[in-house]
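First up is the structure itself, then whatever we jot down about it.
The values are calculated or read from the model by the stated rules, or taken from the named source; none is laboratory data. Since the model is a prediction, treat every value here as computed from it, not as a measurement. Here the Cβ is made from the backbone with ideal geometry for all residues, glycine too, and neighbour counts use every protein chain on show.
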Amino acid sequence: MTQTTRAPRAARKPKPEGQWKVDGREPLNPNEVFKQADDGLNVRARIEEIYSREGFDSIDPNDLHGRFRWWGLYTQRKPGIDGGKTGSLSDAELEDKYFMMRVRLDGGALTREQLRVLGQISADFARDSADVTDRQNIQYHWIRVEDVPEIWRRLEAAGLDTVEACGDVPRVVLGSPLAGVAADEIIDPTPVIEQIKREFIGSPEFSNLPRKYKTAITGHPSLDVVHEINDCAFVGVVHPELGPGYDLWVGGALSVVPFLGKRLGAFVTEEQVPEVWKGVTSIFRDYGYRRLRNRARLKFLVQDWGPEKFRAVLQDEYLGYELADGPAPARSATPGDHVGVHRQKDGRFYIGVAPRVGRVSGQKLLALADVMAKYGSDRLRTTPHQKLVLLDIEEADVENAVADLEALDLQARPSAFRRSTVACTGIEYCKLAIVETKQTASDTIDELERRLDGVELPQPISLHINGCPNSCARIQTADIGLKGQLLPTDDGGQRPGYQVHLGGGLTDDTRAEAELGRTVRGLKVYADDLADYVERLVRRFLAQRTDNETFAEW
Ligand code: SF4
């Protein structure tokens with residue numbers, strides 16, 4: 001038998017990923033088409049001149065479901081649509097004619113007067129709604145497009161804005177809530193956060209990125225900005241020769257495919273931070289994947305390139321110089337949520353309080369501003385843990401201030417459960433949600449406080465609740481993470497519940513290294529049974545733990 005030799009098959013050309021520097025700028029999906037057709041930032045003029053005058057029905061769909069985000073606006077879910085319908089209804093069927101509006105608070109920094117403006121806007125235009133998000137923003141609901149220009153006018157008169165609060169852009173820059181305040185601060189990130197905001201936010205240079213882009217900057221040793229899950233993060237360290245500066249991390253993000261950020265091993269001086277941020281962001285813009293939305297975050301490029309190549313491209317193509325090698329951040333010795341009463345470097349005190357899973361209200365914000373005025377505090381910070389920190393309280397006023405805050409249900413000495421529970425928006429307003437989150441979380445906190453009253457926990461056990469597989473509440477970084485879904489019942493129906501993830505956490509005072517929580521096969525819990533489940537788990541941990549064992553180690 002004669003053997004025929006087959007001609008070698010020509011190597012198949014890899015599919016273009018939509019990387020601008022490699023594949024050109026031909027848009028490869030509908031989002032890229034609308035972004036290229038007109039910059040998202042340009043929608044503001046249409047909102048002011050057309051949509052706010054002619055009303056919701058006049059809004060072009062590409063603006064409504066696309067470009068509005070560039071100014072912090074999303075349509076919200078129509079009340080009463082159950083989670084089983086999510087994904088099967090059109091936007092028009094699922095959405096209300098109202099908006100969620102996100103006000104970006106870079107570094108989480110607010111003055112008392114800005115707080116009053118935020119509270120009054122909520123009272124006047126948002127049916128008194130306001131949430132402190134886990135990215136230090138304030139979010140309203142029930143906003144009408146007719147009111148948006150007046151809201152912007154009031155925000156901007158107070159030095160606040162909604163620019164690039166959502167969309168494929170550089171979102172709010174997380175910053176240490178103790179910036180410039182803490183006695184043990186390594187470096188104050190305020191100047192670099194302000195410079196990044198001033199020079200690059202709202203600039204057409206970065207208003208069309210492949211996907212959202214998140215930044216975090218801290219100079220506090222408690223590692224208080226969840227740096228491992230940001231696209232670009234700067235973490236305060238001390239270089240043995242160059243002094244205080246930052247350690248650079250890239251490519252962290254959660255969602256359905258979570259990755260922790262990677263250290264590049266590069267030390268960044270304070271002066272270098274804005275141009276290094278610009279370089280990393282430019283790499284994302286130029287080399288990020290724009291074919292598939294679910295592969296567009298910077299994390300996928302970082303996974304493919306690895307930290308060495310990423311650093312080389314940053315230095316060779318964007319900076320034109322080499323960064324010094326630098327040390328990694330030390331393990332945190334204190335919790336990064338800043339709850340409680342603590343002394344500042346100037347001798348005054350800051351008070352960190354825990355609202356219920358970030359939910360406040362316009363009236364509560366106004367009342368909080370009154371408390372601040374009573375004790376002479378002009379500064380407030382939001383935190384990436386849905387907490388609030390009042391600054392500059394005199395020692396003699398601390399206990400009275402704590403009592404006044406308690407009267408607003410803003411607790412400076414909360415239970416372990418109130419302190420460490422985080423919940424996303426959920427089915428109340430979010431169009432992607434499958435189940436309810438905030439009320440379930442709040443009820444669960446009440447139940448656990450009652451049932452485990454007097455039970456001493458060695459440290460808080462974090463409970464994070466999402467309303468769908470996205471991870472706005474960072475479920476993979478919690479001791480107990482809950483992913484919302486509908487669960488089958490014995491009678492063939494469905495009930496709201498959660499897939500359980502266990503054992504996650506970022507680097508903090510209880511764990512040396514960040515770890516992503518894992519799903520436990522078949523471990524799901526109905527929403528109604530959540531308190532029972534957590535109580536059982538906590539009691540088992542307390543009964544089984546050996547000396548000094550943390551929940552993370554158990
Ligand atoms: Fe909405 Fe899902 Fe994000 Fe919750 S996790 S806010 S339900 S997208």
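Just a few scattered comments:
- Test: residue in the stretch 272-294 that is under 27 Å from GLU515 (Cβ atoms), of a type in the set (Ser, Thr, Tyr) and modelled with pLDDT under 95: no
- Whichever residue in the stretch 328-350 is in a strand (DSSP E or B) and among the hydrophobic types (A, V, I, L, M, F, W, C) and, among such residues, is surrounded by the most Cβ atoms within 10 Å (Cβ to Cβ): PHE349
- Residue in the stretch 284-327 that is surrounded by the fewest Cβ atoms within 10 Å (Cβ to Cβ), counting only those that are in contact with an Asp or Glu (Cβ under 6 Å, 6 or more places away or on another chain) and under 23 Å from VAL237 (Cα atoms): GLN315
- Of the numbered criteria (1) part of a strand (DSSP E or B); (2) at positive phi, the one GLN485 fails is (2).
- Filtered residue count, the stretch 129-178, keeping only those that are more than 18 Å from the chain's Cα centre (by Cα) and in a loop (DSSP other than H, G, I, E, B): 4
- Any hit, the stretch 49-57, residues being touching a Pro at 6+ places or on another chain (Cβ under 8 Å) and farther than 30 Å from GLY493 by Cβ: yes
- Residues considered: GLY261, GLY219, GLY167. Of these, the only one that is touching a Pro at 6+ places or on another chain (Cβ under 6 Å) and buried (at least 24 other Cβ atoms within 10 Å of the Cβ) is GLY219.
- The number of residues in the stretch 508-540 that are charged (D, E, K, R) and assigned to a helix (DSSP H, G or I) comes to 7.
- Once the stretch 488-503 is narrowed to residues that are among the polar types (S, T, N, Q) and outside any loop (DSSP other than H, G, I, E, B), the residue that is nearest to the ligand (Cβ to nearest atom) is GLN499.
- The listed residue being crowded, with 16+ Cβ neighbours inside 10 Å, aliphatic (A, V, I, L, M), within 11 Å of the ligand (Cβ to nearest atom) and under 21 Å from the mean Cα position of the chain (by Cα), out of ALA423, ALA478, ALA441: ALA423
- Selected residue [surrounded by fewer than 20 Cβ atoms within 10 Å (Cβ to Cβ), part of a loop (DSSP other than H, G, I, E, B) and either modelled with pLDDT of 95 or more or touching a Lys or Arg at 6+ places or on another chain (Cβ under 8 Å) (or both)] from GLU194, GLU241: GLU241
Condition check ((1) in contact (Cβ under 8 Å) with a residue 40 or more places away in the chain; (2) part of a strand (DSSP E or B)) across all residues:
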residue: ARG198; (1), (2): no, no
residue: ARG211; (1), (2): yes, no
residue: VAL256; (1), (2): yes, no
residue: PHE267; (1), (2): yes, yes
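- Test: residue in the stretch 426-437 that is more than 16 Å from the ligand (Cβ to nearest atom) and either crowded, with 21+ Cβ neighbours inside 10 Å or modelled with pLDDT under 95 (or both): no
- Pairing residues of the stretch 52-64 that are of a type in the set (Val, Ile, Thr) with residues that are in a helix (DSSP H, G or I), at Cβ distances under 8 Å and at least 6 apart in sequence or on separate chains, gives ILE59/TYR51; ILE59/PHE68; ILE59/VAL145.
- When residues of the stretch 288-327 are limited to those that are of a type in the set (Ser, Thr, Tyr) and either under 30 Å from LYS15 (Cα atoms) or assigned to a helix (DSSP H, G or I) (or both), the one nearest to the chain's Cα centre (by Cα): TYR289
- Considering residues of the stretch 519-542 that are within 19 Å of SER420 (Cβ to Cβ) and of a type in the set (D, E, K, R) only, the residue surrounded by the most Cβ atoms within 10 Å (Cβ to Cβ): GLU535
- Residue tally, condition at pLDDT 85 or above and closer than 16 Å to LEU463 by Cβ, over the stretch 503-515: 4
- So THR281, is it crowded, with 23+ Cβ neighbours inside 10 Å, in contact with a strand residue (DSSP E or B) (Cβ under 9 Å, 6 or more places away or on another chain) and not aliphatic (A, V, I, L, M): yes
- In the stretch 3-12 there is no residue matching the filter, namely being out of contact with any Leu (no Cβ under 6 Å at 6 or more places or on another chain), part of a loop (DSSP other than H, G, I, E, B) and surrounded by 13 or more Cβ atoms within 10 Å (Cβ to Cβ).
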